[in-house]
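Structure, as structure tokens:
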Amino acid sequence: MAVYVDFMCIEFKGYKWCHMLADSLQELHDFAQFIEVDKRLFHRNASYPHYDVTVQMRLIAIENGAIAADRRKIIECAKKLKVELNNQTA
């Protein structure tokens, strides 16, 4: 199991934002809590479930074991998380 952060740098409200995903929703939420990412930054209803994290949070995530991932890995994780989320709500 692993947590991943992408290389996106989307500017919004004065910050640069990236995405954080994991191999499972539980791992994603546990890791977000561990590095103190606000729960409100979780996007359950987006194209895929993920946390938005600032570039600074991304660095903290990496320092704590998250893996900087390319687009292919992010899409792979995104698909798994979406299926898992859909199964939880079904």
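A few notes on this one:
Rundown of residues vs (1) modelled with pLDDT of 95 or more; (2) more than 18 Å from Ile67 (Cβ to Cβ); (3) basic (Lys, Arg), yes/no style:
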{"site": "Cys9", "(1), (2), (3)": "no, no, no"}
{"site": "Gly14", "(1), (2), (3)": "no, yes, no"}
{"site": "Leu25", "(1), (2), (3)": "no, no, no"}
{"site": "Asp30", "(1), (2), (3)": "yes, no, no"}
{"site": "Ile35", "(1), (2), (3)": "yes, no, no"}
{"site": "Asn45", "(1), (2), (3)": "no, yes, no"}
{"site": "Val53", "(1), (2), (3)": "yes, no, no"}
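- When Val53 is tested against (1) in a helix (DSSP H, G or I); (2) surrounded by 15 or more Cβ atoms within 10 Å (Cβ to Cβ); (3) among the hydrophobic types (A, V, I, L, M, F, W, C), only condition (1) is not met.
- Residues satisfying the stated conditions in the stretch 61-77, i.e. part of a loop (DSSP other than H, G, I, E, B) and not charged (D, E, K, R): Asn64, Gly65, Ala66, Ala69
- Scope the stretch 63-75; condition surrounded by 15 or more Cβ atoms within 10 Å (Cβ to Cβ) and of a type in the set (Val, Ile, Thr); matching residues: Ile74
Every residue, every condition in (1) free of Cβ contacts under 8 Å to residues at least 40 places away in the same chain; (2) over 10 Å from the mean Cα position of the chain (by Cα); (3) surrounded by fewer than 14 Cβ atoms within 10 Å (Cβ to Cβ); (4) part of a loop (DSSP other than H, G, I, E, B), yes or no:
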site: Phe31; (1), (2), (3), (4): yes, no, no, no
site: Arg40; (1), (2), (3), (4): yes, yes, yes, no
site: Ala46; (1), (2), (3), (4): yes, yes, yes, yes
site: Leu59; (1), (2), (3), (4): yes, yes, no, no
site: Lys79; (1), (2), (3), (4): yes, yes, yes, no
site: Val83; (1), (2), (3), (4): yes, yes, yes, no
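- Checking Gly65 against (1) at negative phi; (2) at pLDDT 95 or above, the condition it does not meet: (1)
- When residues of the stretch 4-27 are limited to those that are within 14 Å of the chain's Cα centre (by Cα) and of a type in the set (Ser, Thr, Tyr), the one surrounded by the most Cβ atoms within 10 Å (Cβ to Cβ): Tyr4
The values are calculated or read from the model by the stated rules, or taken from the named source; none is laboratory data. These figures come from a predicted structure and were not determined experimentally. Glycine gets a Cβ as well: all are built from the backbone with ideal geometry, and neighbour counts include every protein chain shown.
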